[in-house]
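Heads up: the structure comes next, in structure tokens.
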Amino acid sequence: MASYKAADSKREQFRRYLEKSGVMDTLTKVLVALYEEPEKPNCALDFLKHHLGAAAPENPEVEALRLEVAEVKEKYEVVLEENKKLKAKLAQYEPPLEEKRGE
């Protein structure tokens, strides 16, 4: 009997914790929204995730592509800077276009 009361006490403490943190209120609102939905979604869990703001777990391939894009952007910036330097260097050895036309 004592273990039953201890488990009941823990359950009550957990319930109070959820109420204080706003979890119960938020879950109730989302469940009411699902109940009031005129056309019930095929997947109630997706509805809950969407309304709770939980994003779908990241696909590892998506994360790999994000990293690749970041790397390519860095390389692009380096190449742009190199191109700028090379153009400046080339300008030292070639006369401007106006001088070429005048010859």
Checklist entry - Quick one: in the range 35-47, which of the residues that are in a helix (DSSP H, G or I) and more than 25 Å from the chain's Cα centre (by Cα) is farthest from Arg15 (Cα to Cα)? => result Glu36
Next on the checklist: Checking Ala55 against (1) open to solvent by 70 Å² or more (accessible area, probe 1.4 Å); (2) at pLDDT below 90; (3) over 26 Å from the mean Cα position of the chain (by Cα): exactly one of these is not met. Which one?
Outcome noted: (3)
Checklist entry - Does any residue in the range 13-24 that is part of a helix (DSSP H, G or I) come within less than 7 Å, Cβ to Cβ, of a residue that is open to solvent by 70 Å² or more (accessible area, probe 1.4 Å) six or more places away or on a different chain, and which pairs are these? => result Leu18/Met24
Checklist entry - List, please: which pairs have Cβ atoms under 7 Å, are six or more places apart or on different chains, and start with a residue in the range 31-46 that is among the small types (Gly, Ala, Ser) and end with one that is surrounded by 10 or more Cβ atoms within 10 Å (Cβ to Cβ)? => result Ala33/His51; Ala44/Leu34
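The values are calculated or read from the model by the stated rules, or taken from the named source; none is laboratory data. Because the structure is predicted, anything quoted here is derived from the model rather than measured. Counting neighbours? That spans all protein chains shown, and the Cβs are built from the backbone with ideal geometry, glycine included. The accessibility values were calculated without ligands, DNA or RNA, using every heavy atom of the protein model including side chains. Shrake-Rupley method; radii C 1.70, N 1.55, O 1.52, S 1.80 Å.
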